[in-house]
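Only one structure is covered here, and it is reproduced in the block below.
The values are calculated or read from the model by the stated rules, or taken from the named source; none is laboratory data. Since the model is a prediction, treat every value here as computed from it, not as a measurement. Reconstructed Cβ throughout: ideal geometry from the backbone, glycine too, with neighbour counts over all protein chains shown. Just so you know, the surface numbers come from the protein's heavy atoms only, side chains and all, with ligands and any DNA or RNA stripped out. Shrake-Rupley method; radii C 1.70, N 1.55, O 1.52, S 1.80 Å.
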Amino acid sequence: MAEEAAVRAQAEVVRRLKQDKADSDEIAKEVAKLLEMKAQLGEDEGKHKFVLKTPKGTRDYGPKQMAIRERVFNAIISCFKRHGAEVIDTPVFELKETLTGKYGEDSKLIYDLKDQGGELLSLRYDLTVPFARYLAMNKITNIKRYHIAKVYRRDNPAMTRGRYREFYQCDFDIAGQFDPMIPDAECLKIVHEILSDLQLGDFVIKVNDRRILDGMFAVCGVPDSKFRTICSSVDKLDKVPWEEVRNEMVGEKGLSPEAADRIGEYVQLHGGLDLIEQLLQDPKLSQNKLAKEGLGDMKLLFEYLTLFGITGKISFDLSLARGLDYYTGVIFEAVLLHQENEHVEEPVSVGSVAGGGRYDGLVGMFDPKGRKVPCVGVSIGIERIFSILEQRLEASEEKIRTTETQVLVASAQKKLLEERLKLISELWDAGIKAEMLYKKNPKLLNQLQYCEDTGIPLVAIVGEQELKDGVVKLRIVATREEVNVRRESLVEEIRIRTSQC
């Protein structure tokens, strides 16, 4: 009996141990499940926290936007090339000291980067200062160049008005010692050509001269130390009324009310040659050396612009100041006038679409010996132009082609993939822009519909009969007309027909 009881007790112990192990395994499984669920929840939480957006003041450009943008770039580049410009490129970031102190009050908008390898760097703010650095570094004293690239400003973006933190600039500059106002006049002619070509609506190009501004400040009683800061206030006159600008000059910048009122008499003047003549006779301005020089050059500029036939769009405007510190002579800014659109109730207001001027001292700031290279240039505000064209096309619902494909290679029956591949290869090798659908046996109707949807003007159809006859059936998508073309003549036929599109 005692022996039996001992066996039963031992069996019970074994049973309990097995049960404990089973329970332990079950617990381990449950813990593993819970940990897995927690990990998944964690992943989901992470997904929810991850925001898919572009950084503030930037945007993506889809195929439609890029198609419009390419048209604009091509128009601008062809104008720059027509005027004999070469193209250059510079790094997207510069040494911080290269950019510091060149932009007046706007220097606070420069993007600084972290110290990398002992160099303090900043993203470029414009293309003009890097150009001046490039001239000084390479000892270039004479060049006519254009440069199209992205620049960066830590600005408060207004994206509906084409104001971004990352955006393209399209710059044209003439560097070198030349007779007065001839290169300056050409820069204004270029602005006129581009804005006319892009058909953005009515525009005016405002022109002034830093020397006239400085002379005006001097005769109005502005201390030398306040020239630049008062200049920055005057530059706001295109956005805010004179009273607000006057209050800023007097209240914030400590200018005497009398000096501000005298400035007010001048900065509200604008006109043409008549105004220049009037100011040359002005008893105060005519006594100031700087103002007299500036007015003399302005008169010469208007004579050249008259020969170019563009004075109807030019306004000599004493309120134009352009806040950048590096301008030394003529300054100008192109503004769109009350952009109306019959499809949109509210007019599209975008302000300045181009600006520039003369900066004769900037290169000397970089040259070790202070050698100066006179420069004048213009920058086209591509983003603002793009905003107008994009809104206009959205309103008109015009279909925009996003590819340049000339022909779709199609098949009329099954099992003709090899023939399509052979034909499309011949077309590509001949420089024809061609596509095909990536299916072995696509339906002809689907192939034709693809052309309708994407705007491809021609379809080259291979079929069993066409292969026997040594021809390709060429279908004109718009008219649905079909013609048989000898295989050896196909490339030339496509070129002729797409050149007429």
Distance between region 378-398 and region 464-490 - C-alpha centres, whole angstrom: 40 Å
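Kindly rank 54-60, 279-285 from highest to lowest mean number of other beta carbons found within 10 Å of each residue. Could you put the intermediate results ahead of the total?
Numbers: 54-60: 11.6, 279-285: 15.6.
Packing order, densest peptide first, comes out as 279-285, 54-60.
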If you average the sequence gap of Cα pairs under 8 Å that are 6 or more apart and divide by the length of region 63-395, what percent do you get for the contact order? 23 percent
Options (i) 1.09; (ii) 1.22; (iii) 1.00 for Rg/Rh (Cα atoms, Kirkwood Rh); the value derived from the coordinates is listed as (ii)
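If you average the sequence gap of Cα pairs under 8 Å that are 6 or more apart and divide by the length of region 84-143, what percent do you get for the contact order?
Once normalised by length, the contact order is 36 percent.
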Rounded to the nearest 500, what is the 222 nm mean residue ellipticity of the chain from helices alone, with -39500 (n - 2.57) per DSSP H run of 4+ residues and division by all residues? -14000 deg cm²/dmol
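What accessible area per residue, rounded to a whole number of Å², is obtained for region 403-476 using a probe radius of 1.4 Å?
Heavy-atom SASA per residue in region 403-476 reads 54 Å².
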Whichever aspartates and glutamates have a C-alpha closer than 19 Å to that of K299, once near sequence neighbours (fewer than 8 apart) are set aside: D179, D184, E186, D209, D214, D274, E277, D282, D317, E333
Could you pull out the pairs from K53/K239; K226/K313; K108/K253; K64/K433 whose alpha carbons sit more than 26 Å apart here? K53/K239; K226/K313
Taking the 0 to 90 degree range and rounding to the nearest ten, how far is the long axis of helix 382-396 tilted relative to the main principal axis of the chain, both from C-alpha atoms? 60 degrees
Distance from the Cα centre of region 110-153 to that of region 209-223, in angstrom? 30 Å
In nm, to one decimal, how far is the modelled label at T54 from the one at L421, with both set 7 Å along Cα→Cβ? 3.9 nm
Taking H placed 1.01 Å from N in the peptide plane, check which residues at least 5 places from V330 or on another chain put their amide H under 5 Å from its amide H. R210, R358
Hey, what angle do you get for helix 444-454 against the long axis of the chain, alpha-carbon based, 0 to 90 degrees rounded to 10? 30 degrees
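For K206, K372, K422, what's the largest-to-smallest order of accessible area, 1.4 Å probe?
Result of the area sort, largest leading: K372, K422, K206.
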Per the 1.4 Å probe, what fraction of the accessible area of the chain, in percent, lies on carbon and sulfur atoms? 52 percent
